[in-house]
Amino acid sequence: MRLLLALALLAAACSAPMPDPEPTQPPRSTGGFNQAPAMVARYAELACSGTEEGIPFLVANSGEEMGVTAEALRGAFAGRTYPCTATRYLGGGALTGRQGPEEQYLFVFTYASGIEASWLFQVQDGKVVGVQ
């Protein structure tokens, strides 16, 4: 009898509606971000596409420590063996790095050959400061 009562109480507690959490930008999951900020997602898309049109955005949104120049990007894009065809966001989160607070966002690039490679974008103060 006690077991049935305990199970009934547990079932009632589990069926109670949970309040919706307050939305945040970007939406957060436990320990991370469900989506990358628009600037980082666009940065990844343009780095994948390797087009001339994306170069000004990539230069403008790269931290000085990256040393990104239009000429360097043109050379890197021209030297690609396989064109990148798609990006997929895997996740990210905030942490305190050696240079202070930063956010990291992990993307997968899919190349025309079917090969996939993961790229980690490190962001500080609204600029991409590292890509690994």
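If you split all Cα-Cα distances of the range 29-131 into 5 Å bins from zero, what percentages do you get per bin, shortest first?
Taking all Cα pairs of the range 29-131, the binned fractions are 2, 13, 23, 24, 20, 11, 5, 1, 0 percent.
Which one, Thr110, Ala60, Ala72, is farthest towards the positive end of the dipole of the range 29-131 when Lys and Arg carry +1 and Asp and Glu -1 on their Cβ?
Positive-end residue among those listed: Thr110.
How large is the dipole of the range 45-84 about the Cα centre if only Lys and Arg carry +1 and Asp and Glu carry -1, each at its Cβ, rounded to the nearest 20 debye?
180
How much length is gained on full extension from Gln35 to Glu52, taking 0.36 nm per residue of separation minus their Cα-Cα distance?
Here the segment from Gln35 to Glu52 would lengthen by 3.5 nm.
Scan around Val129 for amide H atoms under 5 Å from its own, H built in the peptide plane at 1.01 Å from N, and keep only partners 5 or more places away or cross-chain.
For Val129, the qualifying residues are Gly63, Gln122, Val123, Gln124.
Each value in this text was obtained by applying a stated rule to the coordinates, not by laboratory testing. Predicted, not measured: the structure shown is a model, and the values here were computed from it. Every residue, glycine among them, receives a Cβ derived from its backbone with ideal geometry; neighbour counts consider all protein chains shown.
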